[in-house]
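**Q** Before we start, here is the structure in question, set down as structure tokens.
The values are calculated or read from the model by the stated rules, or taken from the named source; none is laboratory data. This is a predicted model, so every value here is computed, not measured. Glycine gets a Cβ as well: all are built from the backbone with ideal geometry, and neighbour counts include every protein chain shown. Side chains are part of the model used for accessible areas, which takes the heavy atoms of the whole protein and leaves out ligands, DNA and RNA. Shrake-Rupley method; radii C 1.70, N 1.55, O 1.52, S 1.80 Å.
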Amino acid sequence: MLAYLPRPPTDTSRYGTFPQKPEIPATPGAPAEAGQQEASTTAAKSSPMPNYLSLPTRGSIIPREPSPPLSRGSVAAQHRPSDTPRCLPAAARDAGARCYPVPALSTASIPSSVRGRTPARGSTAVPTLEGPQSRRRKLLEEDGPVVLAGKRQRQRYVTKVGKCQVNLGNIQEKKRFLSDIFTTIVDLKYRWFLFVFMMCYIVTWVAFGTIYFLDAWARGDVWHRGDPAWPACIENVDSFVSALLFSVESQRTIGYGSRMVTANCPEGVILLMAQSIVGSMIDALMVGCMFVKISRPKKRAQTLIFSKNCVVSRRDEKLCLMFRVGDLRDSHMVDAKIRAKLIKSRQTAEGEFIPLEQSELNLGYDTGEDRLFLVEPQIICHVINRHSPFWDMSAESLRREQFEIIIILEGIVEATGMTCQARTSYTEDEILWGYRFEPCMSLEKGAFRVDYSRFEMTFEVQTPAASAKELQELKEQEQQMRSTLSLCWDHLLQPCAP
């Protein structure tokens, strides 16, 4: 439960998602490297910037060029611990200029047009720092998103395949399970289910066989074996094995005519009637359980797939959290519905700790977008607005959060008419900020074709690293500024009164 508590903020920039290195103090005796530093500064200014839009001031957004496309569908492709941020020179930093981290791009990933305009870097090696400051820089270099993703390995609430990782213990009233014996038997694993299935028949056969043998022993049929003049209760039942065979033949109606109940004893007729009734009840229960066990839609959920990652990007000028769902079968789900839950621990204003609190994520309940016609893969969108729990979350704060998003897809199986449910989950490490899903549909020979090899593929897009709340505030400030300028301009254009 404590794994979902928020962590303290790290030493990062306000809107960036890459850790910054501490400033290296200028060493005496290195004036010859000033020209090389200016050249590297010019190269840093002309090199492509990441897809995140940095916000130096709260009045405007400065767009920057996106970086070259990296490997699609992987978290390690967008964040590399070896990326080195380039900052302004020491003079500019002393003057109060702000430093924005930029990932270092390899020569192979830079386009030829950019490489032609970028000046060559100096080959002078920077001396390695010793002491606590160098160790601190190494820790900051290792404190990348990829390393943090490896450190955040924790127990998930729901696995990627939809299994709930919750174990129930210390249940006192276990007799409640016997009151619902049908569901209890169906929920058993197959090895235990088959064991119960066989034992139900074997126990009844042995029980009634023992009763038949005791009746024959009490009446003396065992002691008059082979006597044709003796009035036996059950013919040819003179041992336990023969009594067991008669029990099996009576319950399964597979008798061979050599053993039968006679009219010499009324208890034999009563026992035969009782075994017939008990056998019919066991057949109804076991056959019903076997049918339900085989036809359960649990395996149908394995053909409903979800994307491995969520993406955050803009859609219709709104910041949205998106993921993709698909159905691998030709028989479609009827009345498919999708919903999402946010699992996150929090502490109330009164100091109460709520572990694994569940809150709903709006996937379009008011507009009906949560009802799917799941014929082709669809991208499900959660708009981050004022009612969203991600309203205050930016690309930087996403790295410090700990939560889990549970996705639940429900529908009716067209073949059997049973309700099917598929589940998956996403943690904060599986959310890609500034990406979109690639299209996987095409028109081919008069029909639409779905290429599931592109189901997981994403591509990088230009997305601001600020939260939806900050973007809305900036938008309102710009609108207010425009209205103020428009009023001032109208006032200047008014003719002067005589």
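**Q** Less than 15 Å Cβ to Cβ from SER242, Lys/Arg counted +1 and Asp/Glu -1: what total charge do the surrounding residues give?
**A** Around SER242, the charge tally is -2.
**Q** Can you tell which of ALA466, THR424, ILE407 lies farthest toward the positive end of the dipole of the range 347-498, using +1 and -1 charges on the Cβ of basic and acidic side chains (Lys, Arg; Asp, Glu)?
**A** ALA466
**Q** Please report the net charge: other residues with Cβ closer than 13 Å to the Cβ of ARG346, K and R +1, D and E -1.
**A** That works out to -3.
**Q** Now for a different question. Under a point spin-label approximation (7 Å from Cα along Cα-to-Cβ), what is the ILE282-MET199 distance to one decimal in nm?
**A** Between ILE282 and MET199, the simple spin-label model gives 1.3 nm.
**Q** Something else: Using a 1.4 Å probe and counting only protein heavy atoms, arrange HIS387, HIS491 so the residue with the most accessible area comes first.
**A** HIS387, HIS491
**Q** Also: When DSSP assigns beta bridges and you keep just the ones with both residues in the range 300-472, what percent turn out antiparallel, to the nearest 5?
**A** Here the antiparallel bridges make up roughly 95 percent for the range 300-472.
**Q** Continuing with this model, one more query. Past 31 Å, Cα to Cα: identify those pairs from LYS298/LYS469; LYS174/LYS293; LYS337/LYS469; LYS160/LYS318; LYS299/LYS341, in the order given.
**A** Table pairs above 31 Å Cα-Cα are LYS298/LYS469.
**Q** How far apart, in nanometres, would the label points at PHE353 and LYS174 be if each is projected 7 angstrom from Cα along the Cα-to-Cβ direction?
**A** In this crude label model, PHE353 to LYS174 measures out at 3.1 nm.
**Q** What shape does the range 185-295 have by the C-alpha gyration tensor, where a ≥ b ≥ c are the square roots of the eigenvalues, rounded means a/c under 1.5, and otherwise prolate means a/b greater than b/c and oblate the rest?
**A** prolate
**Q** Once you sort the root eigenvalues of the Cα gyration tensor of the range 300-472 as a ≥ b ≥ c, which label holds: rounded (a/c under 1.5), prolate (a/b larger than b/c) or oblate (the other case)?
**A** Oblate, because a/c is 1.5 or more while a/b does not exceed b/c.
**Q** Would you work out the charge dipole size for the range 185-295 about its Cα centre, treating the Cβ of every Lys and Arg as +1 and the Cβ of every Asp and Glu as -1, and quote it to the nearest 20 debye?
**A** It works out to roughly 460 debye.
**Q** Here's a follow-up. Quick one: Cα centre-to-centre distance for the range 295-356 and the range 215-263, in angstrom?
**A** The two parts, judged by their Cα centres, are 65 Å apart.
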